[in-house]
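S.K.: This is the structure, below, for whatever I ask next.
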Amino acid sequence: MAQFVELGRGPPFGVFQVDDGAFMKAAKLAPSAADRPRHIQILDEAARMINTRGVSSKPLSDLAERLNLSRAALYYYVKDREDLVFQVYRRTCELLDQALAGAMSAGPDAMAVVQEFIALAMAPEAPDLSVQAEMGLLRPDDRDIVQRDFEKVVGRFAGLLAQGQARGEIRPCDVFIAARTIISIVISVPANSRWAMSAQGPEVGDRRLQIALAQDMLTRGWMTDRSQVLDPLPVDLEVFAIAKVDAFDRAALARARREAILVAASGLFNRKGVDSTSLDEIALAVGATKRTLYQLVGDKTALTLACARRTGQIFRYVLHQVLESLDGGDPTAEAVVRWQRSLAMAQLRRDVEPVRGSGGMDGMTEDAFLEVRDIILEDNQVRQDLLSKLQTSGQMRRFGELSLVGPPNIWWNSMNWLNRQDVDEARRALIAAEVVEVLSLGLRAL
């Protein structure tokens, strides 16, 4: 089992050590392509395709080309685009359930099961898990089936964590939020690795290092002192909410209408995917015409990039508000907790909602890709300096080669599920706090 070993005194130092046993077990659960039925091979290739480019307007043609099959042969297994996505999402639920069942053979200890689940689900040899970012594309009955299958896995995982709490192995926490967060990590970190590598380098995409980081942080957290009780207020995000403006202030009204378009588009992109969302749908969501969208934002590419820029503005604003609150002082663990809670709150608010950057790389033009990568890299050095100071001061643990680039990657991917359902205002702060604590404190009993 992968673990982080601390050496020396003072601030923790060390390297990841990986036991190949878990990876060999994962390989047994994931037979080679030659041993898999044709239908499963098709779904696994479709999952890889969807993770790297989203659901395109012609996924069956794209998939047939990747598999060197005719469209007619593919129609033997799937009916249409919506059916393909439905089957891929059900396959992901089945794979998660299989990984959890396999992990339970690690023994009764809940933390051992969590670590084994991470190793099995994220193993390089394992089939790709789909991010399930286009649930809104499914037919209502199919969507209900996928949600039922997914919730079954969440419930089973939460039950395991609750049993661990009863035995004193798991710290007090909301086991359902913890389960969703763990599942988000094992799905999203590998699926978004290409984006991370394009911005941060190859180390952050090393699957074995990713697994070791996830196992370690979910067990012991990133905070050196797990006894701290930190409860900072999130950054006020009202500046990004749709403003109420004077109906006679034409400039302000145009800005508010443009903001409403970007918020609506971000929400639709998050639930249906970029390619699967039409300008007509976005216009309908805000009660405007497609012509108005062109006038205020531009075409589909311009709209997509505008949503990405707005997301970058939200992230940059939150980070700088947190740093300014330090008033020139040294960074603290509490500041990082506030930073992460604020990002979680942004994704929980439908009137703020940043666009989620899952997949889509292969479907972008070179210019669009470079711009989105630059948005990801904004304030990259500021973030790394912040983590470096925290690690030097002993407030944050080190994580080998991923000490500076790994934590932000896993933090972001742990929140990938937050904007998939409506959450009432009373529960937002609780959910944001719980999600952040899953990684700041880890799950092992205090």
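S.K.: Mind checking whether some residue in the stretch 277-297 is surrounded by 18 or more Cβ atoms within 10 Å (Cβ to Cβ) and under 19 Å from Asn416 (Cα atoms)?
M.R.: Scanning the stretch 277-297, I find no residue that is surrounded by 18 or more Cβ atoms within 10 Å (Cβ to Cβ) and under 19 Å from Asn416 (Cα atoms), so the answer is no.
S.K.: Limited to the stretch 134-161, what total is found for residues that are in contact (Cβ under 8 Å) with a residue 60 or more places away in the chain and farther than 26 Å from Leu443 by Cβ?
M.R.: Qualifying residue count for the region: 6.
S.K.: Could you tell me whether the stretch 123-134 includes any residue that is out of contact with any Pro (no Cβ under 6 Å at 6 or more places or on another chain), in a loop (DSSP other than H, G, I, E, B), within 23 Å of Met415 (Cβ to Cβ) and hydroxyl-bearing (Ser, Thr, Tyr)?
M.R.: Scanning the stretch 123-134 turns up at least one residue that is out of contact with any Pro (no Cβ under 6 Å at 6 or more places or on another chain), in a loop (DSSP other than H, G, I, E, B), within 23 Å of Met415 (Cβ to Cβ) and hydroxyl-bearing (Ser, Thr, Tyr).
S.K.: Could you check, for the stretch 331-338, whether at least one of its residues is touching a helix residue (DSSP H, G or I) at 6+ places or on another chain (Cβ under 7 Å), without any contact (Cβ under 8 Å) to a residue 12 or more places away in the chain and not in a helix (DSSP H, G or I)?
M.R.: No, there is no match, as no residue in the stretch 331-338 is touching a helix residue (DSSP H, G or I) at 6+ places or on another chain (Cβ under 7 Å), without any contact (Cβ under 8 Å) to a residue 12 or more places away in the chain and not in a helix (DSSP H, G or I).
S.K.: For the stretch 198-229, name all the residues that are more than 19 Å from the chain's Cα centre (by Cα), of a type in the set (A, V, I, L, M) and surrounded by fewer than 22 Cβ atoms within 10 Å (Cβ to Cβ).
M.R.: Val229 - this is the single residue of the stretch 198-229 that is more than 19 Å from the chain's Cα centre (by Cα), of a type in the set (A, V, I, L, M) and surrounded by fewer than 22 Cβ atoms within 10 Å (Cβ to Cβ).
S.K.: Counting just the residues of the stretch 255-288 that are among the β-branched types (Val, Ile, Thr) and in a helix (DSSP H, G or I), which one comes out farthest from Asn413 (Cα to Cα)? It would help to see each step written out before you state the result.
M.R.: Step one: list which residues in the stretch 255-288 are among the β-branched types (Val, Ile, Thr), which gives 261, 263, 274, 277, 282, 286.
Filter again for in a helix (DSSP H, G or I), leaving 261, 263, 282, 286.
Numbers: Ile261: 25, Val263: 21, Ile282: 26, Val286: 29 Å.
Across the stretch 255-288, the extreme among qualifying residues is Val286.
Since every read-out is calculated from the coordinates, none of them should be taken as a lab result. No experiment lies behind these values; they were computed from the predicted model shown. No Cβ is skipped: glycine too gets one built from the backbone with ideal geometry, and neighbour counts run over all protein chains shown.
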